[in-house]
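Accompanying notes for the structure given below.
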Amino acid sequence: MSRGQPIPGAVSTLRWLREWGLRMRLLTNIDSRTPETVCRELSAAGLEVEIAEIFTPVVAALRFLEQRPGERCHLLLSAELAARFAAHDAGEGRADHVLVGDCRELAGFAPLDAAFRRLMDGAGLLALQRGRWWQAQDGPSLDTGAFVALLEYASGQTARTFGKPSVDFFEMALADLGCTAAEALVVGDDPENDAGGARAVGAPCVLVRTGKLGTRGVEGDQMAVMVIDSIAALPALLEARRHRRTTATRGLRTGRHPS
């Protein structure tokens, strides 16, 4: 998606992936809306997706908290997500955690001060994600990670992060798919969150230029990442990879090197 609209070729690529029989999970660091809202938005934009395919930090955080019954959070979240996490809300009581997501709806420093005081009282710091910035419709905007870093610096804590590029997040998605990292392919536009997460779990990765990567090159550990201009080019890339594997297998069976 770009400025609320599908990237050209995205709709046909998703259809092609399904026709090819590939399972997928759509990993996103959206931390202001529920997965159900995200699914409705994508569907309204013409992208054929199912709710089970939407994997956000909200899913990971809820699973984390459901495994810890009785633990409560001070919530620094959007109104929509605060309602989703209501069962885990500490309210005025003792907080075991401070949970930080998209909090741009909250005005001023008072909410940050309240969260900081909870941390100083012994609560642990949880972050739905720690992206530095994101591409809003009106231009680059500060992301949740900027506020997480503020609270980390002030409290001396290091947040447990649920979204990309967290290893736990990618491993949870792989478990949902029922495959290993080597059997998966991560496709994204963010060298840090997408390629970084793929590298951390040992999965191959393709970066597209229609997002944060833009016209920049890849460097360092990212040199092993494949780069394509757009998601529209993904079917051709996968077809080429399949052809090379088929040719190599045929060569091994006949005892000849593929030409």
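The values are calculated or read from the model by the stated rules, or taken from the named source; none is laboratory data. Bear in mind that the values here come from a model prediction, so they are computed numbers and not experimental data. Using ideal geometry, Cβ is built from the backbone for each residue, glycine included, and neighbour counts are taken over all protein chains shown.
Here are a few things to note about the model shown:
- Residue satisfying condition, being touching a residue at least 60 places away in the same chain (Cβ under 8 Å), outside the structural domain of Phe116 (by TED's automatic domain parsing), farther than 25 Å from Phe147 by Cβ and of a type outside the set (Ser, Thr, Tyr), within set Arg23, Arg40, Arg18: Arg23
- Every residue from the range 206-236 that is at pLDDT below 65, assigned to a loop (DSSP other than H, G, I, E, B) and over 19 Å from the mean Cα position of the chain (by Cα): Thr215, Arg216, Gly217, Val218, Glu219
- Flag for Leu62 being in a helix (DSSP H, G or I), farther than 29 Å from Ala232 by Cβ and assigned by TED's automatic domain parsing to the domain that holds Arg117: yes
- Residues within the range 96-124 that are of a type outside the set (Asp, Glu), under 22 Å from Gly163 (Cα atoms) and in a loop (DSSP other than H, G, I, E, B), tallied: 5
- The range 193-205, subset out of contact with any strand residue (DSSP E or B) (no Cβ under 8 Å at 6 or more places or on another chain) and of a type outside the set (A, V, I, L, M), residue modelled with the highest pLDDT: Gly202
- Of the criteria (1) closer than 13 Å to Ala115 by Cα; (2) within 17 Å of the chain's Cα centre (by Cα), which one His74 fails: (2)
- Residue count for the range 185-196, restricted to those that are part of a helix (DSSP H, G or I) and of a type in the set (Asp, Glu): 2.
- The requirement of being under 19 Å from the mean Cα position of the chain (by Cα) and assigned to a helix (DSSP H, G or I) is fulfilled somewhere in the range 2-15, by at least one residue.
- Taken over the range 137-184, the residue count meeting the criterion of being of a type outside the set (S, T, N, Q), at pLDDT 95 or above, over 20 Å from Arg63 (Cβ atoms) and part of a loop (DSSP other than H, G, I, E, B) is 1.
- Gly131 being within 23 Å of Ala173 (Cα to Cα), in contact (Cβ under 8 Å) with a residue 24 or more places away in the chain and outside any helix (DSSP H, G or I): yes
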